[in-house]
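Okay, structure first, notes after.
No lab work stands behind these numbers, since they all come straight from the coordinates. Here the structure is a predicted model, which is why all the values come from computation and not from measurement. Here Cβ is always computed from backbone atoms with ideal geometry, including for glycine, and neighbour counts include all displayed protein chains.
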Amino acid sequence: MRLRRMTARRSSVHGKGLFALQPIAAGDRLIEYKGKVTSWRRAAARQRSDVGHTFAFGLSNGRVIDGSRGGNSARFLNHACSPNCEAIEVGDRVFIHALAAIKPGDELFIDYGLAVDGEITDDIRAQYACRCGASNCRRSMLRNAE
């Protein structure tokens, strides 16, 4: 029997988060980000009603993995400016790997590095505010929040 390595539960950072149940070594592949591969337009239309939460993972080919459709617990990964995990894209698939050793009970984080079209207004800044609390927090989930 294989022991579960992580679980989703309430996060002090935002909503639900993904937490380690077992020690995780740096470099370990943890989970695949699953969901329906679709267009940004379709994913955005589905998620308009759930303000403050997005389960869309952008791919380099312009498509998106919509974790709200057939997704798994990877959709609960929260953003941090000093993440302990990274996303590695392989075709239309995304795998989450540990960047450092992670202890049981630690929350798993990736840097969302989000981009938005157009001017970054105060409303956009508020919508994408970071709550990670890291000493180097840039106070935004956006890649370029200046």
In whole Hz and in residue order, list the ³J(HN,Hα) couplings for the range 83-89 that follow from phi through the Karplus curve 6.51 cos²θ - 1.76 cosθ + 1.60, θ = phi - 60°; x for Gly and Pro.
x, 9, 9, 9, 9, 10, 8
Hey, what do the phi angles of the range 75-81 turn into as Karplus ³J(HN,Hα) couplings, whole Hz, using 6.51/-1.76/1.60 and θ = phi - 60°, x for Gly and Pro?
5, 8, 4, 8, 7, 9, 6
Quickly estimate the mean residue ellipticity at 222 nm for the chain, helices only: each DSSP H run with n ≥ 4 gives -39500 (n - 2.57), and the total goes over all residues, rounded to 500.
-2500 deg cm²/dmol
Could you pull out every residue, at least 5 positions away or on a different chain, whose amide H is within less than 5 Å of the one on N84? Hs are placed 1.01 Å off N in the peptide plane, and Pro or chain starts have none.
F109
Treating only the Cβ atoms of Lys and Arg (+1) and Asp and Glu (-1) as charged, compute the dipole magnitude of the chain about its Cα centre; round to the nearest 20 debye.
660
Let me understand the range 6-127 better: what is its radius of gyration from the alpha carbons, and its Dmax, in angstrom?
14.5, 43
For the D106, A129 Cβ pair and Förster radius 30 Å, calculated FRET efficiency rounded to 0.05 is 0.85
Which loop trypsin sites (Lys or Arg not before Pro) in the range 1-38, with loop taken from DSSP, have no more than 12 other Cβ atoms within 10 angstrom of their Cβ?
R2, R4
Once amide hydrogens are built 1.01 Å from N within the peptide plane, the residues lying 5 or more places from Y33 or on another chain with amide H under 5 Å from its amide H are V94, F95, I96
